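One structure below.
The numbers here are math on the coordinates, done by the rules we state, and not lab data. In this text, all values refer to a predicted model and were calculated from it rather than measured experimentally. Cβ sites come from the backbone with ideal geometry, for glycine too, and all protein chains shown count toward neighbours.
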Amino acid sequence: MLVHSKQIITPSGCIDAIMRIEDGKIAEFINPNAKVRVDLELGHLRIIPGIIDTHNHGTMGYTLMGEYGDKELLVKGYLKGLASQGVTACLPTPEVSYFPAVVKVCQGEIDGALPLGIHSEGPYLNRVGEKGIKEETPVIEMDYVKKMVDDAQGMLKLVAIAPEIEGAKEAIEYFNSQGIRCAFAHSDMNYKEALEAFKWGITVSTHTANVMSGIHHRNMGGLGACLLDDDIYNELICDGLHVSNEMIEVMLRVKKDSLNKTLIVSDNVAMAGAPVGHYSLPGMLDVNIDEKGYCLTDTGRLYGSTVPVIGGIRNLVENLNMDLRDVMIMASLNPAKVYGVNQKGSLEVGKDADFAVIDDNYKVLLTYREGKCIFDAEKEKDLFNPLFLKLLGK
């Protein structure tokens with residue numbers, strides 16, 4: 001298969017080339033003036049590396065939380081929904097009850113983004129964040145911790161945990177012994193406490209800045225620790241809503257080697273792609289989605305995100321004037337490296353042909369995984385889960 005674009009985003013910059021794909025991999029880049037018959041002519045439409053979203057709870061009316069029907073069907077719809085947003089690989093971030101469904105789906109043919117493993121945000125979290133309602137601190141039970149690992153059947157790659165919870169150190173050390181990364185998340189720890197906890201085996205910070213103690217000029221807080229510890233990889237929601245653009249700029253300037261230590265994530269929930277309005281989901285908090293894309297509980301607390309990673313990419317390029325090449329390193333290459341899939345993450349010879357085609361407004365037109373089209377905007381007009389709105393009576 002030969003694909004031509006005048007704007008292919010590679011690690012060395014934007015190039016005009018014909019990309020030859022063979023056996024699902026990028027075989028070579030050919031001079032655009034070569035006399036060959038191109039299978040897909042894209043002109044000035046941009047080809048970006050397939051996005052790898054490592055923190056995502058749901059999208060397009062498909063959720064990985066709560067009881068809403070057949071879990072395997074929800075997972076399949078979720079993965080297809082991600083493909084419509086330029087995502088070719090992901091770490092699904094479900095409730096523990098969904099682990100078996102994710103595992104089962106991964107044993108079959110996948111029409112959508114490829115799960116690289118499972119990310120469990122919790123269940124051992126503490127800080128509620130601004131405008132939230134404090135709940136009882138959970139108790140860590142090692143039998144349950146081991147059950148999480150067993151239920152994931154080797155797919156658990158990341159567990160987000162608040163280190164101040166009693167028993168957290170033992171749990172972190174156990175996860176690490178099983179080859180599972182741990183993330184600093186939903187924590188009230190101050191700067192010095194967080195730095196000490198990192199030594200237990202924490203290597204990632206969950207949606208950095210959100211739901212952690214912030215920076216004060218006499219107390220750098222958990223956020224300060226995440227930025228000043230050079231070994232911590234920082235997840236970052238870049239929609240400009242969860243973290244203001246000014247703060248994103250501060251964080252990227254402060255973090256040493258931020259280009260290679262930042263992972264752009266969405267933290268999307270099922271309401272991503274849903275119309276503006278009020279949503280009351282059985283077993284979950286009532287939420288409100290506004291015109292900007294905020295997903296807020298009735299108390300005003302942020303509750304996940306409705307803006308996919310491609311929206312964060314647009315924000316960084318258009319509003320913070322960042323180079324798209326650099327942004328794609330944070331959205332694709334870094335997650336591939338951190339989670340051990342070096343054949344993905346960038347458009348280079350020998351790597352998987354995972355890419356998305358976007359227009360000037362960052363609308364995803366086509367998504368390919370390993371050379372196979374998994375989303376075509378012309379043919380797949382409405383992927384939003386119709387049962388989701390029906391459940392809400394909308």
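Give me the one-decimal Kirkwood hydrodynamic radius in Å for the chain, with the sum taken over alpha-carbon pairs.
21.3 Å
If r is the Cβ-Cβ distance from LYS256 to GLN343 and R0 is 30 Å, what FRET efficiency results, to the nearest 0.05?
Rounded to the nearest 0.05, the efficiency is 0.60.
Could you list THR59, THR203 in order of exposure, starting from the residue whose Cβ has the fewest other Cβ atoms within 10 Å?
In increasing order of surrounding Cβ atoms, one gets THR203, THR59.
So, by mean Cβ neighbours within 10 angstrom, what's the order for 243-250, 32-39 with the highest one leading?
So the peptides 243-250, 32-39, ranked by packing, come out 243-250, 32-39.
Roughly what % of DSSP beta bridges within the chain run antiparallel, to the nearest 5?
That works out to approximately 55 percent antiparallel.
Order 269-279, 153-163 from most to least packed using the mean count of other Cβ atoms within 10 Å.
153-163, 269-279
Compute the helix-to-body angle for 309-319: its Cα long axis versus the longest principal axis of the chain, expressed 0 to 90° and rounded to tens.
Around 80 degrees separate the two axes.
Measuring from label point to label point, each 7 Å out along Cα→Cβ, what is the ASP298 to LEU387 span in nm?
It works out to 2.7 nm between the two label points.
For the chain, take the longest principal axis of its alpha carbons; what is the angle in degrees between that and the long axis of helix 71-83, to the nearest 10 within 0 to 90?
Here the helix axis deviates by roughly 50 degrees.
Would you mind checking the tilt of helix 168-177 against the longest principal axis of the Cα atoms of the chain, expressed as 0 to 90 degrees and rounded to 10?
So the inclination is approximately 40 degrees.
222 nm [θ] for the chain, helices only, -39500 (n - 2.57) per DSSP H run of 4+, per residue, to 500?
Here the helix-only value at 222 nm equals -7000 deg cm²/dmol.
Between TYR62 and residues 5 or more places away or on another chain, which pairs have amide H atoms under 5 Å apart, with H built 1.01 Å from N, and which residues are they?
ASN385
Determine, from the Cβ-Cβ distance of LEU320 and ARG218 and an R0 of 30 Å, the FRET efficiency 1/(1 + (r/R0)^6), rounded to the nearest 0.05.
Efficiency, rounded to the nearest 0.05: 0.55.
Going by C-beta contacts inside 10 Å, put LYS379, LYS292 in order with the fewest on the left.
Result, fewest neighbours first: LYS379, LYS292.
Say R0 is 35 Å: what FRET efficiency, to the nearest 0.05, do ASP39 and SER177 get from their beta-carbon distance?
Computed FRET efficiency for ASP39 and SER177: 0.15.
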